[in-house]
């Protein structure tokens with residue numbers, strides 16, 4: 001696909017999506033918001049040849065947030081339509097993407113860029129990365145799903161601290177709070193993200209998609225509802241070719257007498 005603000009490549013069942021406005025620290029203008037929505041919808045249709053997605057930024061930043069020039073002079077009614085039609089459009093498509101997603105945070109992730117990181121399934125940060133819910137600095141509240149994802153990752157008290165103060169965190173602080181899974185030296189970032197995405201791409205795709213879906217819903221559901229989701233999902237997976245191939249491979253490697261079928265022993 002050809003985009004003005006994004007670069008998309010696919011190799012070995014892994015898509016690499018690069019935010020490509022390096023001269024502007026990859027801030028999201030209206031074109032990028034539209035293209036993100038289109039790109040995630042496109043990737044959703046490619047579950048056969050794209051099994052995992054890496055998201056990173058060109059240049060020195062991951063994404064420094066929204067392009068404030070787009071909102072100068074915007075009325076409240078216009079903002080409502082822009083948020084609903086553009087920003088929420090791409091966030092929901094990313095959140096519900098069936099493929100596992102990995103953020104490779106190569107530099108500053110601030111405002112909307114921070115919440116793009118939070119919307120991915122796993123994240124690896126360069127030791128040069130920074131993270132901040134910086135919306136308050138321009139008189140706004142966090143958006144792009146940040147008020148949904150952040151407290152679920154760091155807890156309510158810490159989420160309030162990050163959102164109300166808007167401070168930038170170091171890569172090490174990001175890891176301590178669970179905002180990223182691990183920190184690596186800057187030059188190792190993309191290889192580490194691709195290695196992780198390759199491991200995810202090798203897993204049965206229906207298993208990845210259903211596990212993501214139930215986990216994403218679990219914080220709003222009762223235990224009984226989650227158990228029902230597990231029951232329905234597991235019953236479905238047992239009928240797929242991917243699951244049978246995964247089980248056959250596991251038994252060949254481990255022997256049916258040495259391990260339980262779920263690999264727990």
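Structure notes:
- Of the residues screened, residue 200 is one that is surrounded by 17 or more Cβ atoms within 10 Å (Cβ to Cβ), in contact with a helix residue (DSSP H, G or I) (Cβ under 8 Å, 6 or more places away or on another chain), within 21 Å of residue 97 (Cβ to Cβ) and in contact (Cβ under 8 Å) with a residue 12 or more places away in the chain.
- Residues of segment 125-158 classified as touching a helix residue (DSSP H, G or I) at 6+ places or on another chain (Cβ under 7 Å) and either assigned to a loop (DSSP other than H, G, I, E, B) or without any contact (Cβ under 8 Å) to a residue 12 or more places away in the chain (or both), total: 10
- Residue that is nearest to the chain's Cα centre (by Cα) [pool: residues in segment 126-146 that are buried (at least 22 other Cβ atoms within 10 Å of the Cβ) and more than 15 Å from residue 167 (Cβ to Cβ)]: 144
We did not get these values from a lab; they are worked out from the coordinates using the rules stated. Quick caveat, the model's predicted, so the values are computed rather than measured. Ideal geometry is used to build each Cβ from the backbone, glycine not excepted, and the neighbour counts take in all protein chains shown.
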